[in-house]
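Everything on this sheet refers to the single structure shown next.
The values are calculated or read from the model by the stated rules, or taken from the named source; none is laboratory data. Treat the numbers as computed from the prediction; the structure is a model and nothing was measured. Cβ placement follows ideal geometry from the backbone for every residue including glycine, while neighbour counts extend to all protein chains displayed. Remember, those area values only see protein heavy atoms, side chains included, never the ligands or the DNA or RNA. Shrake-Rupley method; radii C 1.70, N 1.55, O 1.52, S 1.80 Å.
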Amino acid sequence: MKDKKIPLTKQQKEIMQEFYSIARTEVIFDKSERDNLWRLATKRSSALDLQDLKTRCPALEHQIRKSFEQRRNIQSAVFSECVYAQTLANMLKLDLFVNCSETPDFIPLGVVNLIGSYHLVPRYVYSTKDKNRMLIQAGSCEGVDSALISVIDVVVYTIEFKEPNAKTSEPDLPGYGEDGKLKITKKFLKDYPQFSAMLNEQKDLNFFLNIGHNINTFSNESITKAVQSNYAKKYLDVLCTEDIDGCFVMMPANHVQLWAELEGEIRPAGRNHLKVWTPRALRRLMLQYNPSIDGTIVKLEKSKLEVRKQRGGAGKVSGYKITSLFFIYAKDCDDDGVNITFDIAKVRQLKPTIAGKMFFRTLKYDEVKSYYRM
């Protein structure tokens, strides 16, 4: 596809020319270093040097400290976002770091209103000391990761940070019925039109026939539409990631398909869960474990069930799977060492999700720079 040149917008050309005029730069923590930091953070390890981290990447230090205070595990994707933002700030010599939760009035009101129109909620700012230029790291499911802003002439460049193996987005699907058939609502298609083609290709999907398996059979056209449309609706100019040597790379957001292998995926069991909405299917699927059922009270032999382990909890069992679609929290069970007993009303059902995925498996800084003649 690289023979089909897609022209750059004025915004894309300007920011990429500046980016590639700066010497090639490695990200401040590569993938293996980030993974190690994430393991230390989720284990609340004393080996994690937060003071050193605050000096090198203050946004990440704050995110980790906040996760400790809230007793919640930090998502690994947050690590790359903070590291990439700091790397870009270093390249652009934006030496002043500001935590917006601590200094909410640092950003001029006009800039706040401007980035709000892009659905951006400021978290951290990397700025010149005269406040004339700012990289604003933001958060919002509707917006992008950050915006680089020239304050005086109000020029905005929108930027997304993505790991070399990443998902563009992964919304929960509306669900499925007692028959396992996928249900697609008008509201979902209105909110996530980028997935309409992928869903049309799987309109006969039955989740109960795909227990334990993700669905990846989509056409290249439907996957490309999902990825490109996702960024188009976010008003995204460029995407930043790292290449196979750990060097920071920038590319136009609407050119991702030129540099990445794209895949589509439906996960029958995502991260989020609800009270069971297919109770008949749950009872039917539980029969394979030869349960003892007395009204709503169920007794199951533990050894027949796969366990759920708490993230960052040193292998602590947090629950038990009743197939990959349903689970019961360990705290909601009576455990005699051999069997667990629980009220079936306490069982949770995992929501299915859909995603477009990008894999920059062979990406090289020099090839990208050369292609755009930067």
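Simple rule: put +1 on each Lys or Arg Cβ and -1 on each Asp or Glu Cβ in the chain, find the dipole, and look at Q86, V121, V111; the Cα lying farthest toward the positive end is V121. Using only side-chain charges placed at the Cβ, +1 for Lys and Arg and -1 for Asp and Glu, the dipole size of the stretch 332-374 relative to its Cα centre rounds to 760 debye. Here the stretch 207-284 and the stretch 331-364 have alpha carbon centers that stand 18 Å from each other.
These residues, E201, E170, go from largest to smallest accessible area, 1.4 Å probe, as E201, E170. Principal-axis analysis of the Cα atoms of the chain puts helix 220-232 at an angle of about 60° to the longest axis.
Normalised Debye scattering of the stretch 10-49 at q = 0.18, 0.30, 0.34 Å⁻¹ gives log10 I(q)/I(0) of -0.63, -0.96, -1.04, counting only Cα atoms as equal scatterers and leaving out solvent. Relative to the longest principal axis of the C-alpha atoms of the chain, give the angle of the C-alpha long axis of helix 31-42, reported between 0 and 90° and rounded to the nearest 10°. With both axes taken from Cα atoms, the answer is about 50 degrees. Structure remark: mean-square fluctuation, Gaussian network model of the chain, C-alpha springs under 10 Å; the largest value among M16, M251, M286 belongs to M286. Pairs over the 23 Å Cα-Cα cut-off, from the set K190/K346; K167/K321; K54/K364; K299/K346; K187/K275: K190/K346; K167/K321; K54/K364.
Taking the charge dipole of the chain about its Cα centre, with +1 at Lys and Arg Cβ atoms and -1 at Asp and Glu Cβ atoms, the residue from T217, F97, G295 reaching farthest to the positive side is G295.
Distances over 24 Å make up what percent of all Cα-Cα pairs in the stretch 241-374? Pairs farther apart than 24 Å: 50 percent. Among beta bridges identified by DSSP and lying wholly in the chain, the antiparallel ones come to about 95 percent.
Once the Cα atoms are used to define both axes, helix 10-21 deviates from the longest principal axis of the chain by about 80 degrees.
Take 345-354, 208-217 and order them by the average number of nearby Cβ atoms within 10 Å per residue, most first; the result is 345-354, 208-217.
Counting Lys and Arg as +1 and Asp and Glu as -1 over every other residue whose Cβ lies under 11 Å from the Cβ of T323, the net charge comes to +1.
Of the listed residues W277, W259, the order by accessible area with a 1.4 Å probe, largest first, is W277, W259. Between D343 and K129, residue separation times 0.36 nm minus the direct Cα-Cα distance comes to 71.1 nm. From the list [x] 1.12; [y] 1.04; [z] 0.99, can you say which value of Cα Rg over 2.2 N^0.38 Å was derived from the structure given? Among [x] 1.12; [y] 1.04; [z] 0.99, the one derived from this structure is [x].
Distance between the pseudo-spin-label points of D52 and I22 (7 Å out from Cα toward the beta carbon): 2.4 nm. Each other residue within a Cβ distance under 12 Å of G177 adds +1 if Lys or Arg and -1 if Asp or Glu, for a net charge of +1.
Accessible surface comparison of R65, R373, probe 1.4 Å, protein chains only, largest first: the order is R373, R65. In the chain, the DSSP-assigned H stretches of four residues or longer account for a calculated mean residue ellipticity at 222 nm of -8500 deg cm²/dmol, using -39500 (n - 2.57) per stretch and the full residue count as denominator.
I want the local charge near M16. Using Cβ-Cβ distances under 12 Å, sum +1 for each Lys or Arg and -1 for each Asp or Glu among the other residues. Net charge around M16: +1.
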